[in-house]
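Working notes, structure below.
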Amino acid sequence: MKYITASELKNAGGRVVDVRMEAEFAAERLPGSECVPLNRLTAVASGWNREEPLILMCAAGVRSKDAMNRLARMGFTNLTMVEGGLRACKHAGLDVVVERKTIPIVRQVLMVAGILVLLGLLLAYSSSVYFLVLPLLVGCGMVFSGMTGICPMAWLLSRMPWNRTPGYEAQGCRIG
């Protein structure tokens, strides 16, 4: 396992695997990179050659470090991580394909949760106290998500048309 800078990526050989989510990858990516979201990495990588040179990246380096550790535990021996991720690549002047911007899923969840809480409170104030069930359900959902790491609202929002990735493939999210 080794680390390279974004500038060194130009001369590095290997398969560039971006472990960000599909919507992030669709918005901007390095040309020729392949998207395999971190949550599906181990399942997808189980069919890969363990000696193949893999260059891992994400937005800033946190997820790619996690990906590198997961792949190392699976027996991959030729792993490289881009320090600073896509942000560092942009800062180093590497070509970045920019297609569309979407609001990150986490922010979408926060906005929808906030709207539902406000709506429930307004409706409870103006019509019936039974509308207080809405903020209660949102709160329960947030506690569930925090405890399990599973967010049903994020799952639902990720399937909305504005978050769909064009050219999506079942095993990854290669574009085009």
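Applying the condition of being charged (D, E, K, R) and closer than 17 Å to Cys151 by Cα to the range 21-41 and asking which residue is modelled with the lowest pLDDT yields Glu22. Checking the range 73-81 against the condition returns a match, with at least one residue being surrounded by 18 or more Cβ atoms within 10 Å (Cβ to Cβ), over 15 Å from Leu9 (Cβ atoms) and at pLDDT 95 or above. Close contacts from the range 8-19, counting a first residue that is within 15 Å of Leu86 (Cα to Cα) and a second that is of a type in the set (Lys, Arg) and modelled with pLDDT of 90 or more, with Cβ to Cβ under 9 Å and a gap of 6+ residues or different chains, come to Asp18/Arg29; Val19/Arg63.
Taken over the range 86-117, the criterion of being without any contact (Cβ under 8 Å) to a residue 40 or more places away in the chain, surrounded by 13 or more Cβ atoms within 10 Å (Cβ to Cβ) and either within 22 Å of Leu157 (Cβ to Cβ) or under 14 Å from the mean Cα position of the chain (by Cα) (or both) is satisfied by Ile103, Leu110, Leu116, Val117.
Starting from residues that are buried (at least 19 other Cβ atoms within 10 Å of the Cβ) and out of contact with any Asp or Glu (no Cβ under 9 Å at 6 or more places or on another chain), keep the ones in the range 55-72 and report whichever is farthest from Leu9 (Cα to Cα). The qualifying residue farthest from Leu9 (Cα to Cα) is Leu71. Note on the range 45-66: residues that are touching a Ser or Thr at 6+ places or on another chain (Cβ under 9 Å) and closer than 18 Å to Phe25 by Cβ total 5.
For every residue, the table says whether it meets (1) touching a Leu at 6+ places or on another chain (Cβ under 9 Å); (2) within 30 Å of Pro31 (Cα to Cα).
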{"residue": "Gly75", "(1), (2)": "no, yes"}
{"residue": "Val106", "(1), (2)": "no, yes"}
{"residue": "Leu123", "(1), (2)": "yes, no"}
{"residue": "Ser128", "(1), (2)": "no, no"}
{"residue": "Val138", "(1), (2)": "yes, no"}
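The values are calculated or read from the model by the stated rules, or taken from the named source; none is laboratory data. Only a predicted model underlies this, so the values are computations on that prediction, with no experimental measurement involved. Cβ coordinates were reconstructed from backbone atoms using ideal geometry, including for glycine residues, and neighbour counts include every protein chain displayed.
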